[in-house]
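Participant: Take this structure, written in structure tokens, and hold onto it; I'll ask about it next.
The values are calculated or read from the model by the stated rules, or taken from the named source; none is laboratory data. Model, not experiment: these values are computed from the prediction. Cβ coordinates were reconstructed from backbone atoms using ideal geometry, including for glycine residues, and neighbour counts include every protein chain displayed. Just the protein is used for accessible areas: all its heavy atoms, side chains included, with ligands, DNA and RNA removed. Shrake-Rupley method; radii C 1.70, N 1.55, O 1.52, S 1.80 Å.
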Amino acid sequence: MRENKALTKLKAGGEVVTGWLSIPSSISAELMALQGFDALTLDMQHGAIDYVDAIPMLQAISTTEVTPMVRAPWNDPSILGRILDAGVYGVICPMINTGEEAEAFVKATRYPPIGQRSAGPLRASMYAGPDYFKHANDTVITLAMVETRQSVDNLEEILSVPGLDGIYVGPSDLAVSFGHSAGYDPRFPEVYEAIKYVAGKCKEKKKIPGIHVGSIQYGKEMRDLGYKFQAYVTDFRLLQTAASQGITNFRKGEVGGFLP
């Protein structure tokens, strides 16, 4: 079985940084895979990526040692199983609000006796090896997204679900759930306290604490809070920011930003 290097690093107490892919392109995926991320996550919830796009993107990533992951569109067994069969080594599932929903997520992503995933790892057996079925339950990372007030209230029962590896905080939806505006790196006091609470509970329960950040400063703060798995920026935002700063500086004749 091919090693899940991100999981190995996390189990050793290290930090994993994942890039975020929203653009449906194997070239973009390949480019991002060569930049030094520990993992790359295909966003099939809010990104422009569907299953047909995902296959060549995963093939591009598999030429490197970067761990391929995905944010699923939803907590749907048919979607989750198919994504795993494509060869991802980690699944982030959105909008997990209760222990029951977390249990359904785990059942869909684990083979029996832990779960109810159907056996048929088409591309996964090529990527991971012929013994994929035997080791998949111990190799694939499962992260439940906590992004509502309800999920924070139910965090204890979510974390108690066997087979769940950790939590991935969605700060933007979490802020909205608390009655604030959406956006990266929220600093609304009650939202920030909820983010701290999640990190503390994950440490207590020996689960992976994960979060999406939009800046180096916020990432440093999250690292200090104990977050071991962080998603930093997206391919879409990198391109958007570089293009915007580049053309502005070019028109002014100024040197700076992302481009010389």
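Participant: Could you order VAL176, VAL17, VAL152 so the one with the most accessible surface comes first? Probe is 1.4 Å.
Facilitator: Order by accessible area, largest first: VAL176, VAL17, VAL152.
Participant: Could you tell me the largest-minus-smallest coordinate of the C-alpha atoms of the stretch 19-150 on each of the three principal axes, in descending order and whole angstroms?
Facilitator: On the principal axes, the stretch 19-150 reaches 39, 38, 24 Å in Cα extent.
Participant: Now a separate question. With springs connecting C-alpha atoms under 10 Å apart, model the chain as a Gaussian network and identify which of GLY179, GLY115, GLY210 has the largest mean-square fluctuation.
Facilitator: Among GLY179, GLY115, GLY210, the largest mean-square fluctuation in the Gaussian network model of the chain belongs to GLY179.
Participant: For SER78 and ARG251, what is the calculated FRET efficiency with R₀ set at 45 Å and r taken between the beta-carbons, to the nearest 0.05?
Facilitator: Between SER78 and ARG251 the formula returns 0.35.
Participant: Same structure again: Take the Cβ-Cβ distance between GLU190 and ARG237 as r, set R0 to 25 Å, and report the resulting FRET efficiency rounded to the nearest 0.05.
Facilitator: The value I calculate is 0.45.
Participant: Anything over 20 Å Cα to Cα? Flag those among LYS207/LYS228; LYS9/LYS228; LYS9/LYS196; LYS11/LYS201; LYS5/LYS196, in the order listed.
Facilitator: Result: LYS9/LYS196; LYS5/LYS196 exceed 20 Å.
Participant: Can you give the extra length, in nm with one decimal, that the chain gains between SER181 and TYR51 once fully stretched, where that is 0.36 nm per residue apart less the Cα-Cα distance?
Facilitator: 43.7 nm
Participant: Hey, another quick one. Quick one: work out the % antiparallel among DSSP beta bridges in the chain, nearest 5.
Facilitator: 5 percent
Participant: A follow-up question, please. Students sometimes get this wrong: rank THR148, THR8 by accessible area, probe 1.4 Å, all chains present, largest first.
Facilitator: THR8, THR148
Participant: What is the distance, in nm, between label points placed 7 Å from the Cα along the Cα-to-Cβ direction at GLU3 and at LEU31?
Facilitator: Rounded to a tenth, the inter-label distance reads 3.0 nm.
Participant: Quick one: among GLU157, GLU190, GLU103, which has the greatest mean-square fluctuation in a GNM of the chain with alpha-carbon springs under 10 angstrom?
Facilitator: Maximum among the listed residues: GLU190.
Participant: Between the stretch 9-80 and the stretch 204-244, how far is it from one alpha carbon centroid to the other, in angstrom?
Facilitator: What the calculation gives is 15 Å, centre to centre.
Participant: Under the √(5λ) rule applied to the eigenvalues of the Cα gyration tensor, what semi-axes describe the equivalent ellipsoid of the stretch 75-186? Give them in Å, descending.
Facilitator: Result for the stretch 75-186: semi-axes of 29, 15, 10 Å.
Participant: Can you give the net charge of the other residues whose Cβ lies under 12 Å from the Cβ of CYS202, counting K and R as +1 and D and E as -1?
Facilitator: Cβ neighbours under 12 Å give a net charge of +4.
Participant: Another one. Given a cut-off of under 8 Å on Cα pairs at least six residues apart, what relative contact order in percent is computed for the chain?
Facilitator: 17 percent
Participant: Remind me, relative contact order of the stretch 1-145 in percent, using alpha carbon pairs under 8 angstrom and six or more residues apart?
Facilitator: In percent, rounded to a whole number, it is 23.
Participant: So what is the 222 nm mean residue ellipticity for the chain from helices alone, if each DSSP H run of at least 4 adds -39500 (n - 2.57) and you divide by all residues, rounding to the nearest 500 deg cm²/dmol?
Facilitator: -13500 deg cm²/dmol
Participant: So how far, in whole Å, is the C-alpha centre of the stretch 110-130 from the one of the stretch 147-162?
Facilitator: 27 Å
Participant: Just the accessible area for HIS46, please: 1.4 Å probe, Å², rounded to the nearest 10?
Facilitator: Number for this one is 130 Å².
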